[in-house]
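Values in this text are rule-based calculations from the coordinates and carry no lab data. All figures in this text were calculated on a predicted structure; none of them were measured in a lab. Here the Cβ positions follow ideal geometry from the backbone for every residue, glycine too, while neighbour counts run over all protein chains shown.
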Amino acid sequence: MGTPFPGLIEEIESCRNEMVRIASETSLANQLVLETSRRLDHLLNELNQFKK
């Protein structure tokens, strides 16, 4: 059975992959990594709201 929010799951995976890619090319302290991490946190919070 599929998830009722596939677009959100795909966006989370894409954001996570982007964060890992940027971190591997720069550093974990890079500003873009931190911004992407915050975006990922926001998306994960949205997912948790759906699950409640």
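Are there any pairs, at least 6 apart or on different chains, whose C-beta atoms fall under 8 Å, with the first in region 25-52 and on the phi < 0 side of the Ramachandran plot and in contact (Cβ under 8 Å) with a residue 24 or more places away in the chain and the second assigned to a helix (DSSP H, G or I) and β-branched (V, I, T), and if so, which?
Listed pairs, sorted by first residue: L40/I12; L43/I12; L44/I12; L47/I9; L47/I12.
Determine whether region 24-33 contains at least one residue that is surrounded by fewer than 11 Cβ atoms within 10 Å (Cβ to Cβ) and not in a helix (DSSP H, G or I). Explain how you work it out, then say what you get.
Filtering region 24-33 for residues surrounded by fewer than 11 Cβ atoms within 10 Å (Cβ to Cβ) gives 24-25, 27, 29, 31.
Right, trim to not in a helix (DSSP H, G or I) and you get 27, 29.
So far as region 24-33 goes, yes, one or more of its residues are surrounded by fewer than 11 Cβ atoms within 10 Å (Cβ to Cβ) and not in a helix (DSSP H, G or I).
Given the conditions (1) in contact (Cβ under 8 Å) with a residue 12 or more places away in the chain; (2) part of a loop (DSSP other than H, G, I, E, B), and given that L8 satisfies all but one, which numbered condition is not satisfied?
(2)
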